[in-house]
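Novice: Got a structure for you, written out below as structure tokens; questions coming shortly.
What follows draws every value from the coordinates through simple rules; no lab data is involved. Just so it is clear, the structure is predicted and the values come from calculations on it, not from any experiment. For neighbour counting, all protein chains shown are included, and Cβ atoms are generated from backbone atoms with ideal geometry for every residue, glycine included.
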Amino acid sequence: MFSQAKRRKLSEWFTAYVFLAPWFFILFVFVLFSIGWAFYLSFTDYNLFSPPKWVGLSQYIRVLRDRDFLQRALPNTLQYVAVVVPIQTFISLIIAFALDQNIRFRRFFRTAFYVPSVTSSVVISLIFVWLFSKVGIINQIFHLKIDWLNSPTYALPTIMMVNIWSTIGTMMLIFLAALQDIPLTLYEAAQIDGANRFQILRYVTIPALRPAIFFVVTMGVIGCFQVFDQIYVMTAGGPLGSTTTIAYLIYKWAFGSTNIQMGRASAVAFILSLMILVVVLIQRRIIEREE
Amino acid sequence: MTTMARTMPRRDIFAFWDRIKMPLFYGVLILWTLISVFPFWVSVVYSLKPVANSYAPPYLWPIPFTLENYRTVLTQFELFPRWLLNSTVVAIAVMLIRTLFCAMGGYAFARLRFPGKDLLFTLTLFTMMVPGQVTLIPQFLIIGPGVIRNLTIAGVEIPTGFGLLNNLGALILPSIVDAFGLFMMTQFYKSIPTELEEAALVDGLGRFGIFFRIVLPISQTALLTLALFTFQGTWNSFMWPLIVLRSPENFTLPIGLQWFKGEYYTLYSIVLAGSIFNSLPIIIIFFLFQRYFIRSVAVTGLKEA
């Protein structure tokens, strides 16, 4: 009935759909349907035990008036992103730059720097809770008496530091790969044109790194906006809400308290996505304009 | 530096820079090595000290030395070996299943022609940009109690959730394949030559046969890279297990350790000894397969660039 070519084409279709069947299941059930259902829930009042009740935009309005969101989660998260992203990008760039020189033991250094990035956030948090406790080693070494994680002033900066420390390995590797990808001929050409070292850095190295910088900053922004594990383990959002972030608030409202607010938590999740999107777009504008 | 810049001619600045450059770079690298390693080093040291010395100097060497904390963790807490087992089972299961499914899907996207391919691929890329918090609540409902409670059609109750709460299956099912791995494998299959497959096609081998007998064996590097990346992510994952696991005997190691900390806060050497069981395996795997980990980071970097 079918021609050989037609049969081959149909069998190729069939193979493709079979190979992609697991992904269809995940994509449609766990991703696309979930996004849609979360969007629906964000317009409802839903406590898991009675069916969702349609309330229109009032969850969004309530979130934007909520004290925990407005005075704690939002400023804390923005502050977190604004401090952590530039510092982690800058330090990892410096380290990658140093590693890209004619360095001995490069493999050793690279390995040492990457170890914090393969370790779980929980273990890292547990170690730092201990290091930074009031009677901990850090206070002993520096002769301090700061109760880092129980102080509204120091708790968030401490968590920021832990995050910077643990993410630099990955970012450094991305920069190092980008630096090593810059063709030598580019440097040679610049030298022949009489460019000095500063000009080479300014007009060859930095422009060539731009895609990597964009990628690292984007990754950093997304990661920081969603910071959760360290907060949960180290401070549980306290003291006095000083480390409550947006992602932590979503968890708390949806799962972490007796007063379950899945509708409101969904509304916050969409507000968070919008914020991430806006920041990433602005950042892309800035990096592109530099060109 | 600024005063120097004003008083020195340019050439001298560069000469000066050339002199201090290498010591400066080595200084930066050694300093950061110390900063990276110090927390791990002291945590190992203190896990080898008695609990009474949980905060006592010396910092850098286990004096007095004891293995008591490790013995306590493994024998006094009957749940601890269970957590280790749970974590291992889940991480290995997800690693094997996801690597296979990502390879299959990636091959389909890279090589096969079928209707709707471009749209599906775009959707796949799009899903990578959606923050996990958005899908978290519905995923919890789907895995557990159901999206709609007591949905009955014509008198028959239709389940809308998998009822897997507090079950390790809840950690495996949503992770059987993911957009990132699919994308990575698609890029990989696009980058390798097609001659071998074409020859096999001419010889009359079907697409299934080609994939399993020819393509999979030559994708070892990419498969291993993805497998290690997946293992690391699953082994370390925290938020999702925290939400779907309820009773201590079903915990994975990170959840167990967090719970542990609450119970034994004052006996921190024991918590540190427990932590080693979570960090050591992944660090050993990293040392053994460093090349692949570094590749996986480079591949992540490539996707945007």
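Novice: Taking each residue of B:37-44 in turn, how many C-beta atoms of other protein chains fall within 10 Å of its C-beta, and what is the average?
Specialist: 5
Novice: Can you bin every Cα-Cα distance in the protein assembly as shown into 10 Å intervals starting at zero and give me the percent of pairs per bin, rounded to whole numbers?
Specialist: 3, 14, 24, 26, 19, 10, 4, 1, 0, 0
Novice: Also, I was wondering about something else. Ratio of Rg to Rh for the stretch A:105-196, alpha carbon only, Kirkwood?
Specialist: On the Cα set of the stretch A:105-196, Rg over Rh gives 1.22.
Novice: To make sure I understand, if each residue's beta carbon is the centre and we count other beta carbons within 10 Å, what order do A:Y251, B:Y55 fall in, fewest to most? Please list the in-between numbers first.
Specialist: Working: A:Y251 22, B:Y55 19.
The most exposed by this proxy come first: B:Y55, A:Y251.
Novice: Please list 3J(HN,Hα) in residue order for the stretch B:16-21, calculated via the Karplus relation 6.51 cos²θ - 1.76 cosθ + 1.60 where θ = phi - 60°; whole Hz, with x for glycine and proline.
Specialist: Once rounded to whole Hz, the list reads 4, 4, 4, 6, 8, 3.
Novice: 222 nm [θ] for chain B, helices only, -39500 (n - 2.57) per DSSP H run of 4+, per residue, to 500?
Specialist: Estimated from H runs of four or more residues: -21000 deg cm²/dmol.
Novice: In which sequence would A:T185, A:T258, A:T205, A:T243 go, from the one with the fewest C-beta neighbours within 10 Å to the one with the most?
Specialist: Ordered from fewest to most neighbouring Cβ atoms within 10 Å, A:T185, A:T258, A:T205, A:T243 come out as A:T258, A:T185, A:T205, A:T243.
Novice: In µm²/s, what is D for the stretch B:12-147 at 10 °C and 1.306 mPa s, where D = kT/(6 pi eta Rh) by Stokes-Einstein and Rh is the Kirkwood radius from Cα pairs?
Specialist: Stokes-Einstein gives a translational diffusion coefficient of 73 µm²/s.
Novice: Something else: Pairs of alpha-carbon atoms within less than 8 angstrom and 6+ residues apart define the contacts here; what relative contact order does chain A have, in percent?
Specialist: Dividing the mean separation by the residue count of chain A yields 28 percent.
Novice: What is the ratio of the Cα radius of gyration of the stretch B:84-143 to 2.2 N^0.38 Å, where N is its residue count, to two decimals?
Specialist: Details: Rg = 15.2 Å, N = 60, 2.2 N^0.38 = 10.4 Å.
That ratio works out to 1.46.
Novice: Hey, another quick one. In whole Å and largest first, what semi-axes does the C-alpha gyration tensor of chain A yield when each eigenvalue is scaled by 5 and square-rooted?
Specialist: Ellipsoid semi-axes (Å, largest first): 38, 34, 19.
Novice: Please compute the alpha carbon radius of gyration of chain B, then divide it by the globular-protein estimate 2.2 N^0.38 Å. Two decimals is fine.
Specialist: On the way: Rg = 25.9 Å, N = 305, 2.2 N^0.38 = 19.3 Å.
Rounded to two decimals, the normalised Rg is 1.34.
Novice: For the stretch A:114-144, list residues with backbone N below 15 Å from a point placed 7 Å from the Cα of B:T266 toward its Cβ?
Specialist: A:135
Novice: Scan chain A and hand back the longest stretch that contains none of the trypsin sites (Lys or Arg not before Pro) lying in DSSP loops with at most 16 other Cβ atoms within 10 Å.
Specialist: My reading of the result: A:146-291 is the longest stretch.
Novice: Just tell me how shielded B:50-59 is by partners: mean number of partner chain Cβ atoms within 10 Å of each residue's Cβ, no decimals. Don't skip to the end; give the middle numbers.
Specialist: On the way: counts 0, 0, 0, 0, 4, 9, 3, 3, 0, 3.
If you average over the peptide's residues, the count of other-chain Cβ atoms is 2.
Novice: Sort all Cα-Cα distances of the stretch B:107-244 into consecutive 10 angstrom bins from zero, then give the percent of pairs in each bin up to the one containing the longest distance.
Specialist: In order of increasing distance, the bins hold 10, 29, 29, 22, 10, 1 percent.
Novice: Between A:T44 and residues 5 or more places away or on another chain, which pairs have amide H atoms under 5 Å apart, with H built 1.01 Å from N, and which residues are they?
Specialist: A:V55
Novice: Please identify which residues in the stretch B:139-166 have an amide N closer than 14 Å to a label point set 7 Å out from the Cα of B:S247, following the Cα→Cβ vector.
Specialist: B:165-166
Novice: Report, in debye and to the nearest 20, how large the dipole of the stretch A:34-111 comes out about its Cα centre when Lys and Arg carry +1 and Asp and Glu carry -1 on their Cβ.
Specialist: Charge dipole of the stretch A:34-111: 320 debye, to the nearest 20.
Novice: What does the average come to when, for each residue of peptide B:231-237, you count the partner chain Cβ atoms lying within 10 Å of its Cβ? Mind dumping the intermediate values first?
Specialist: Working: counts 0, 4, 1, 0, 2, 8, 4.
Mean partner shielding for this stretch: 3.
Novice: Size of the dipole of chain B about the Cα centre, Lys and Arg at +1 and Asp and Glu at -1 on the beta carbon, nothing else charged, in debye to 20?
Specialist: That gives a dipole near 700 debye.
Novice: Now, a different point. Straight-line reach from A:K9: which lysines have a Cα under 27 Å away, not including same-chain ones fewer than 8 places off?
Specialist: By straight Cα distance, A:K9 reaches B:K117, B:K190.
Novice: Calculate the FRET efficiency for B:R149 and B:I30 from the Cβ-Cβ distance with a Förster distance of 56 Å, rounded to the nearest 0.05.
Specialist: That pair, B:R149 with B:I30, gives E of 0.40.
Novice: Percent relative contact order of the stretch B:78-263, based on C-alpha pairs within less than 8 angstrom and at least six residues apart?
Specialist: 40
Novice: Taking only complete DSSP H runs, can you tell me which helices of chain A stretch 30 Å or more along their own long axis by Cα positions and average at least 0.0 on the Kyte-Doolittle scale?
Specialist: Taking the DSSP H segments of chain A (at least 30 Å long, mean hydropathy at least 0.0), we get A:74-99, A:155-181, A:262-289.
Novice: Taking the highest mean first, how do the peptides A:26-32, A:94-100, B:150-156, B:59-65 order by number of other beta carbon atoms within 10 angstrom per residue?
Specialist: A:94-100, A:26-32, B:59-65, B:150-156
Novice: Once you've got the Cα coordinates, tell me which of A:K134/B:K261; A:K145/B:K21; A:K145/B:K49 are over 26 Å apart. Let's see the in-between values first.
Specialist: Working: A:K134/B:K261 16 Å; A:K145/B:K21 38 Å; A:K145/B:K49 24 Å.
Over 26 Å apart, Cα to Cα: A:K145/B:K21.
Novice: Return the FRET efficiency for the residue pair A:I146, B:L123: r is the Cβ-Cβ distance, R0 is 60 Å, and the value is rounded to the nearest 0.05.
Specialist: It comes to 0.75.
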